[in-house]
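To start, the structure itself, in structure tokens.
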Amino acid sequence: MTIIIKSTRDVVLDGVKAAVYGGAGVGKTRLCATAPMPIIISAESGLLSLRHYDLPYIETNSLEEVNEAYDFIRDSDEAKQYETVCLDSLSEVCEALLAEFKPTVKDPRQAYMKLADSAGAAIRKFRDLKGKNVLFTAKMAKKEDEESGTFYYEPMLPGRVLPHGLPYLVDEVFCMQIADISATETKPAHIVRYLQTYADSKRPCKDRSGALDKNEQPDFGKIIEKIVGDTNGKTD
């Protein structure tokens, strides 16, 4: 084997790969509409919030359909127009796959193992799409630490492997939240939605690019611009 020394300066950003999780109604699905030229892969009837946007989507309810959607996006000329692939939501996709696998095995644990393998492989395939931004959305689960009795949050995915593994599979992990802003003398009370990009003791998050603020506006297009601009040396 011939050793070739390379430089990290030559590492090229091949699309922004991100996951966002959050509670019901915070706006995860609508975040897809802020992505540049998106196509949505959906396993749920939860696209009502996007009815005014006229966005293309592919409905999937089985592993075969997920793989067909991937092949279409990777190989077809028609899919070249799409800059961003949104899987909304990964929670529902995994639940659909689990329902598909359970009747095929005797021990339910085998279904979860099969899900971890199949869903993990699918996530990696979409993550590695060349020249595409990829956004995975997921529901949020509230968990209790049995030793300390404290609560923490994580992406809601079936089994034990996927919730812990997802943050390791993408460069960006955001928790979408809502804050109630109290009224001031000049502004009325209002609600603000934002993306938490840095981890704390309760929520796993990360920004591998180092280009984002601790809290960002829920606009995936602007987030992509910040990351790409920083990579190209164009940001302050």
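Just how large is the dipole of segment 12-175 about the Cα centre, in debye to the nearest 20, putting +1 at every Lys and Arg Cβ and -1 at every Asp and Glu Cβ?
180 debye
Could you tell me whether segment 9-144 comes out rounded, prolate or oblate from its Cα gyration tensor? Rule is a ≥ b ≥ c as square roots of the eigenvalues, rounded for a/c under 1.5, then prolate if a/b exceeds b/c, otherwise oblate.
Judged from the Cα gyration tensor, segment 9-144 comes out prolate (a/c at least 1.5, a/b above b/c).
Go ahead and run the numbers for FRET between Arg109 and Asp200, Cβ-Cβ distance against an R0 of 41 Å, rounding to 0.05.
Working from the Cβ atoms, E equals 0.80.
Which residue, chosen from Thr137, Pro108, Ser209, occupies the Cα position most advanced towards the positive end of the dipole of the chain, where the dipole is computed from +1 (Lys, Arg) and -1 (Asp, Glu) charges on Cβ about the Cα centre?
It is Ser209.
I need Lys143, Lys6 ordered by Cβ neighbour count within 10 Å, fewest first.
Lys6, Lys143
Exposed loop sites here are GluC sites (Glu not before Pro) in DSSP loop states with at most 14 other C-beta atoms within 10 Å. What is the longest stretch of the chain lacking them?
Looking at the chain, 1-145 is the longest stretch - no exposed GluC sites (Glu not before Pro) with at most 14 other Cβ atoms within 10 Å.
When only Cα pairs under 8 Å and 6 or more residues apart are kept, what is the percent relative contact order across segment 26-71?
About 36 percent, as a whole number.
Quick check on the exposure proxy: order Ile123, Ile58, Ile223 from fewest to most C-beta atoms within 10 angstrom.
Exposure proxy ranking, most exposed first: Ile58, Ile123, Ile223.
For the chain, which cysteines have no disulfide-compatible partner, meaning no other cysteine Cβ under 4.7 Å?
When partners are defined as cysteine Cβ atoms under 4.7 Å apart, the chain leaves Cys94, Cys175, Cys205 without one.
For the chain, rounded, prolate or oblate, judged on the Cα gyration tensor with a ≥ b ≥ c (square roots of eigenvalues), a/c < 1.5 rounded, else prolate if a/b > b/c?
rounded
For Lys102, Lys132, what ranking results if the residue with the fewest other Cβ atoms within 10 Å of its Cβ goes first?
Starting with the residue having the fewest Cβ neighbours, the order is Lys102, Lys132.
Out of all DSSP beta bridges in the chain, what portion is antiparallel? Express it as a percent rounded to 5.
40 percent
Read the figures in this text as sums done on the coordinates, not as results from a lab. From a predicted model like this one, the values you see are computed outputs, not experimental measurements. Note that each Cβ is placed from the backbone with ideal geometry, even for glycine, and that neighbours are counted across all protein chains shown.
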